[in-house]
Amino acid sequence: MFNFRTGELSINISENNRAISFIRKFLSKYVIQIILFFLILVSSFSFFIFYQNGLGLSYNDARSHLDIGRRVVEGLKPGIAQLGSVWLPLPHILMIPTVWNDFMWHSGLSGALESMISFVVTALIIYSFLKELKVGFVGRLTGVVIFSVNLNVLYLQSTAMTELLLVMTMTAGVYYLMLWSKNENILNLIKSAFFVMLSTLVRYDGWFLFLFSVFLIIVEVLRKRGYKTTEGIVILYSTLAGFGVVLWLLWNLLIFKDPLYFIFGPFSAYIQQEQLQLAGNLATKGNLLLSIKIYLYSVAYNCNAFIAMLGLIGAIVLCVDRKIKTSVKIAVSALLAPLIFNILSLYLGQSVLFIQGLSGNTWFNVRYGIVMMPAIAIFVGYLLHKMNQFKLVLIGLMVFVLFFSFVNLDAVTIDDARVGSSQKNVSEVSGWLRSNAKNKPGFVLISAASHDAIIFSSGLPMSKFIHEGTGEYWDLATASPNLWARWIVMRTNDLNDSTFKLVRKTKAYRDGNYKLINHYSFADIYEIKEEYVQNLNMKPILGKQK
């Protein structure tokens, strides 16, 4: 304390100790709330920045996800059937409460909101995961920071993409699986099954996690309890964890009359990969070494090569640490499920991933590597805990690397969204529709499967478009476009475009009832000639369709 009479400074040790003790108690009591506050702040600020510079909607898939959610609540045939068959439904279902609002739809916030919440929750799970592994506060905080300041994570959490929702549900599933392996509390196993089930409704990575976690449970219980107990626990876990898979198979059966429609249907990844293979662009199929190389590059680009290397070392240290129970190690290995899944998908030709300069001259699906970020953050946090004597050196190196990543805007996901094959600059087509079709009556005939980005970017109401999901409108318009479509958007002479494939056979198209307005990179615009406008149906007259 400062003595004003003598001008001397004296230190009251007891008061100083009380202050330190108070700060420690305060932090230990409210640390989660403090971390939560900063995570929400970072998440909100990141969304605002990417929204302001227009990057939040750069991914073509982000616009498609938003359109799917919007079609459920608005359009010529709104309803739950608009969820479709290829992309799993949970991300779009979560948009339904907000996507009806035009700002939430066109700003992308309706989809980004679930990504932002997932970002915050995943970071908190990483903290709790490390705490359960007996990692000290510095290691726990390091794991959270590594995840939450990764520029690729921050970008994807600001978009309507599905990666953050996937990593949240998968990481939560593994977290509760790890808790069950520690104390064999059946409630934790049920919680794990619930989150794994949610992940199976986000992306097909979750299906592999379901199978992988069942395998780990069998290994764990068999070595302790024998066959009978294993059978009961596996049935209990699988009933809930696999419920989403069963629901999706049933959905495809009821809506599309084929439970495997999502695999072999005309808009499936299988068909797309088949076309890529014919074009010689599926180099990883049947090549395991190249598949491993491509995906590891994706992980390095997304998670930072130096951080990923530390994560690998941390995983090895955890694996050989005798203080960690074998059952816990088995459960934690589920964090590697996304790594195995993506490599297998590339090898089997079920997935495609382009690394610029390594496989092709562009980026495509490079964001797939981001799903390893929670695992890497956890392993790095554990490594820091075990290498306590080198803690300051490792933290200094990580700060240095992450700082320059930010300064150089080193985010491969942004490059993929802006200039890679994952983006579509459809501004010419959508701009023409916005300027010329907005204030005129009539429908636009277009394939949503091929041109969802145009539909979204046009800013027109969903009820303005006739597409594959509009039922009778689509059937009638593709058979007699001159009675329904004032404008047609399609890729001329491209049979992969459903609109052209059907319209080219019609009398109206062959007889020249439509004039070509312009030829653009991604699609052509046709408008019905003035003398045929009077024959058009310009209002939704079919009523409620089944």
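The values are calculated or read from the model by the stated rules, or taken from the named source; none is laboratory data. Worth saying up front: this structure is predicted, and the values here are computed from it rather than measured. Glycine also receives a Cβ, built like all others from the backbone with ideal geometry; neighbour counts cover every protein chain displayed.
For the stretch 73-82, enumerate the residues that are under 24 Å from Met197 (Cα atoms) and crowded, with 21+ Cβ neighbours inside 10 Å. Give the derivation first.
Taking the stretch 73-82 as the starting set, the residues that turn out to be under 24 Å from Met197 (Cα atoms) are 79-82.
The answer is Gln82, and nothing else.
Per-residue answers, yes or no, for (1) loosely packed, with under 15 Cβ neighbours inside 10 Å; (2) more than 28 Å from Leu348 (Cα to Cα); (3) of a type outside the set (A, V, I, L, M, F, W, C); (4) at pLDDT 95 or above:
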residue	(1), (2), (3), (4)
Arg225	yes, yes, yes, no
Tyr261	no, no, yes, no
Ser268	no, no, yes, no
Leu278	yes, no, no, no
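For every residue, the table says whether it meets (1) among the polar types (S, T, N, Q); (2) touching a Pro at 6+ places or on another chain (Cβ under 9 Å); (3) not in a helix (DSSP H, G or I).
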| position | (1), (2), (3) |
| --- | --- |
| Leu209 | no, yes, no |
| Val245 | no, no, no |
| Pro259 | no, no, yes |
| Leu296 | no, no, no |
| Ile324 | no, no, yes |
**OP:** Output the residue which, of all residues in the stretch 235-259 that are surrounded by fewer than 17 Cβ atoms within 10 Å (Cβ to Cβ) and of a type in the set (Val, Ile, Thr), is farthest from Glu220 (Cα to Cα).
**Re:** Ile255
Original post:
Got a sec? Which of Leu141, Leu201, Leu166 is part of a helix (DSSP H, G or I), out of contact with any Asp or Glu (no Cβ under 9 Å at 6 or more places or on another chain) and assigned by TED's automatic domain parsing to the domain that holds Ser64?
Top reply: Leu141
Subject >> Residue among Leu222, Leu236, Leu240, Leu247 that alone is in contact with a helix residue (DSSP H, G or I) (Cβ under 6 Å, 6 or more places away or on another chain), touching a residue at least 24 places away in the same chain (Cβ under 8 Å) and in the same structural domain as Val86 (by TED's automatic domain parsing) >> reply: Leu240
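Restricting the search to the stretch 261-294, which residues are in a loop (DSSP other than H, G, I, E, B) and aromatic (Phe, Trp, Tyr)? Walk me through it before giving the result.
The initial filter retains those residues of the stretch 261-294 that are in a loop (DSSP other than H, G, I, E, B), namely 265-268, 279-287.
Across the stretch 261-294, the qualifying residue is only Phe267.
Got at least one residue in the stretch 158-174 being without any contact (Cβ under 8 Å) to a residue 12 or more places away in the chain, farther than 28 Å from Asn60 by Cβ and either in contact with a helix residue (DSSP H, G or I) (Cβ under 9 Å, 6 or more places away or on another chain) or of a type in the set (A, V, I, L, M, F, W, C) (or both)? Steps first, please.
So in the stretch 158-174, the residues without any contact (Cβ under 8 Å) to a residue 12 or more places away in the chain come out as none.
There is no residue in the stretch 158-174 that is without any contact (Cβ under 8 Å) to a residue 12 or more places away in the chain, farther than 28 Å from Asn60 by Cβ and either in contact with a helix residue (DSSP H, G or I) (Cβ under 9 Å, 6 or more places away or on another chain) or of a type in the set (A, V, I, L, M, F, W, C) (or both).
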Original post:
Can you tell me how many residues in the stretch 45-71 are hydrophobic (A, V, I, L, M, F, W, C) and farther than 23 Å from Val120 by Cβ?
Top reply: 1
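Name the single residue that is surrounded by the most Cβ atoms within 10 Å (Cβ to Cβ) among those in the stretch 519-546 being of a type outside the set (Val, Ile, Thr) and in a helix (DSSP H, G or I). Walk me through it before giving the result.
First, pick out the residues of the stretch 519-546 that are of a type outside the set (Val, Ile, Thr): 519-524, 526-527, 529-532, 534-540, 542-546.
Now narrow it down to the ones that are in a helix (DSSP H, G or I): 530-532, 534-535.
On the way: Glu530: 8, Glu531: 8, Tyr532: 15, Gln534: 6, Asn535: 13.
Restricting to residues being of a type outside the set (Val, Ile, Thr) and in a helix (DSSP H, G or I), the top hit is Tyr532.
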Subject >> Index of the failed condition, Pro89 passing every other in (1) of a type outside the set (Lys, Arg); (2) out of contact with any Gly (no Cβ under 6 Å at 6 or more places or on another chain); (3) modelled with pLDDT under 90; (4) closer than 27 Å to Ser351 by Cα >> reply: (3)
Subject >> Residue within the stretch 302-310 that is within 28 Å of Leu216 (Cβ to Cβ), in contact with a Phe, Trp or Tyr (Cβ under 8 Å, 6 or more places away or on another chain) and in a loop (DSSP other than H, G, I, E, B) present >> reply: no
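Rundown of residues vs (1) at pLDDT below 95; (2) surrounded by fewer than 21 Cβ atoms within 10 Å (Cβ to Cβ), yes/no style:
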{"residue": "Leu177", "(1), (2)": "no, no"}
{"residue": "Asn188", "(1), (2)": "no, yes"}
{"residue": "Phe194", "(1), (2)": "no, yes"}
{"residue": "Met197", "(1), (2)": "no, no"}
{"residue": "Asp205", "(1), (2)": "no, no"}
{"residue": "Phe208", "(1), (2)": "no, yes"}
{"residue": "Val219", "(1), (2)": "yes, yes"}
{"residue": "Leu222", "(1), (2)": "yes, yes"}
